[in-house]
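All remarks here apply to the structure that follows.
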Amino acid sequence: MADGETQYPLPGINEKARFTHLDELKWQIVRRQKIGDRVVEAREKWMEWNPRYNSLYAEWDPGMMIRAHGHNSDHIVFVLKGSMTCGDRVCGPGTHIALDHGDTFGPFIAGPEGCTSYMIMMGDPGSFPADPEGFERLRRERGVEQLPDAPLDIPAWFTDSRNAVTKDGS
């Protein structure tokens, strides 16, 4: 090595970094709906989930609807491919949505090609509904039936509250 060149890796650097590859993770089906005779899903691969943050890769099938809601933490959504609407705003690739702890957004509807996004929640990723009655009307208008939630493989310290807030699963 010539004088002044740095030898990599330097001692101590990367020793605590956690590396995850998407292909190593299993899909978690977080929501299921029926539109006509077609079942649609919202799926997530949890890249890292600890009490400080949750980062995830999400895919929503075309037409998948997610209620207007808020989170018990700051929340970032970045659309990678496809599209979705958030309320009346169309969000395509490159769209970044930032939501502060306790604020609400949505409802979301995946576009005709579905939607793939990367999300980060800085703290408790639990959510709460913003307009359950309005979402129920929207689902009825569009002929979308909410299906029972599949069990999740979640950390022991986290409580799955997807159906704890409303009896209809919204």
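The values are calculated or read from the model by the stated rules, or taken from the named source; none is laboratory data. The structure displayed is predicted, hence computed values, not measured ones. Cβ placement follows ideal geometry from the backbone for every residue including glycine, while neighbour counts extend to all protein chains displayed.
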- Query: Using beta carbons and a limit of 8 Å, which pairs, at least six apart or on different chains, have the first residue in region 27-45 and under 18 Å from ILE120 (Cα atoms) and the second one of a type in the set (Phe, Trp, Tyr) and crowded, with 19+ Cβ neighbours inside 10 Å?
  - Reply: GLN28/TRP46; ALA42/TRP60; ARG43/TRP60
- Item | Conditions (1) in a strand (DSSP E or B); (2) modelled with pLDDT of 95 or more; (3) not acidic (Asp, Glu); number of the one not met by PRO93 | (1)
- What do you reckon, is ASN54 under 22 Å from SER161 (Cβ atoms) and more than 12 Å from the chain's Cα centre (by Cα)? no
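Of the residues GLY12, GLY70, only one is outside any helix (DSSP H, G or I) and closer than 24 Å to LEU138 by Cα; which?
When all the criteria are applied, what remains is GLY70.
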- Task: Please verify whether region 113-133 includes one or more residues that are within 18 Å of GLU48 (Cα to Cα) and not in a strand (DSSP E or B).
- Result: no
- Query: Of everything in region 71-90 that's within 12 Å of the chain's Cα centre (by Cα) and at pLDDT 95 or above, which residue is surrounded by the most Cβ atoms within 10 Å (Cβ to Cβ)?
  - Reply: HIS75
- Message: Go through (1) touching a strand residue (DSSP E or B) at 6+ places or on another chain (Cβ under 6 Å); (2) under 18 Å from SER117 (Cβ atoms) for LYS34 and report which single condition fails.
- Response: (2)
